[in-house]
Amino acid sequence: MNEHQKHLLGLLKEIDYICRKYSITYYAAGGTVIGAVRHKGFIPWDDDIDIYMTSADFNLFRKAFSKEKLPDRKLEYVKDNDKFYATIPRYNEETTTHICRYHILGQASGGLLIDILIMDNFPNDRQAQKEYLAKLNVYADLIAIPYTHSQRNEDDFLQYYDEYSNKVAKQGRKAVIDELENELFSYNDNASDNYILRWAAVPVILPKKIMGKPCLLEFEDMMIPVPEDW
């Protein structure tokens, strides 16, 4: 484990501590799970850690983080910083340096970070899914200003680009972001068999049944929760 990975592991332990203290569920994601399964720690060349949280658990984590007041730590999220130009919340260590494209155009903490990939309920109805994906692209455009997603919409939904641009001109960016969040991120559990991540353009959809109850796997010198059907 190199020095970069040691820093990241320390951040993961902080997140794990908060989640345990406040009974918040999270799961390791992506290469972090592969590392746990294959190496019982980091993939040797890996340089990041990703975790999943449902939108409900992320809201709990956001409140818990505010209570804990950890020094030199920043939780970047568009609701708390409208100059944070990313759809993925990030847990940052502010005594280090890590620069991405969204830092250059925006104003966000630039330290080493852990991505918190929010899982939102995704509707079962096929037409509702198409509309959801098109509006998610618009939502991403409004937040992730260095990128463009809306122009990738299917022909049937290209009008959303102009429709929401006009809304922003009249109501302001924040009001339209709030409107889209209220619509997209409030689907009932009973109307959804899948989660979707807030990535836009290339949607990542996860069947809820694979997430299930987290199980613990060894990761370096700690145990981390991973999806039940990892």
Can you tell me which of 151, 127, 159 moves the most in a GNM of the chain? Springs connect C-alpha atoms under 10 Å apart. 127
Modelling each spin label as a point 7 Å along the Cα-to-Cβ direction, I'd like the residue 185/residue 4 distance in nm, to one decimal. 3.0 nm
Roughly how far apart, in whole Å, are the Cα centres of the stretch 36-103 and the stretch 114-136? 21 Å
Compute the long axis of helix 3-21 from its Cα atoms, compare it with the longest principal axis of the Cα atoms of the chain, and write down the angle in degrees, 0 to 90, nearest 10. 80 degrees
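Report the chymotrypsin sites (Phe, Trp or Tyr not before Pro) located in the stretch 6-52 that are in a DSSP loop and have at most 15 other Cβ atoms inside 10 Å of their Cβ, or state none. List each step's numbers first, then the result.
Working: sites: 17, 22, 26, 27, 42, 45, 52; in loops: 22, 26, 42, 45.
Passing both the DSSP loop test and the Cβ count: 22, 45.
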By how many nm would the segment from residue 22 to residue 223 lengthen if fully extended, with 0.36 nm per residue of separation less the alpha-carbon distance? 70.6 nm
Residue 176: accessible area at probe 1.4 Å, nearest 10 Å²? 0 Å²
Per DSSP H run of n ≥ 4, the term is -39500 (n - 2.57); total these for the chain, divide by its residue number, and report the mean residue ellipticity at 222 nm rounded to 500 deg cm²/dmol. -13000 deg cm²/dmol
What shape does the stretch 118-230 take by its C-alpha gyration tensor, where a ≥ b ≥ c are the square roots of the eigenvalues and a/c under 1.5 counts as rounded, a/b above b/c as prolate, and the rest as oblate? prolate
Please give the helix 159-171 orientation as an angle from the longest Cα principal axis of the chain, in degrees from 0 to 90, rounded to the nearest 10. 90 degrees
Highest GNM mean-square fluctuation, the chain, Cα pairs closer than 10 Å: which of 30, 110, 172? 172
Just need the Rg to Rh number for the chain, please, alpha carbons only, Kirkwood Rh. 0.97
When the chain is fully extended, how far beyond the present Cα-Cα distance does residue 128 get from residue 38, taking 0.36 nm per residue of separation? 28.6 nm
Restrict the search to the stretch 21-58; then list the trypsin sites (Lys or Arg not before Pro) that DSSP places in a loop and that have at most 12 other Cβ atoms within 10 Å of their Cβ. 40
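The values are calculated or read from the model by the stated rules, or taken from the named source; none is laboratory data. What you see is a predicted model, and the numbers here were worked out from it, not measured in a lab. Reconstructed Cβ throughout: ideal geometry from the backbone, glycine too, with neighbour counts over all protein chains shown. All accessible areas refer to the heavy atoms of the entire protein, side chains included, with ligands and DNA or RNA removed. Shrake-Rupley method; radii C 1.70, N 1.55, O 1.52, S 1.80 Å.
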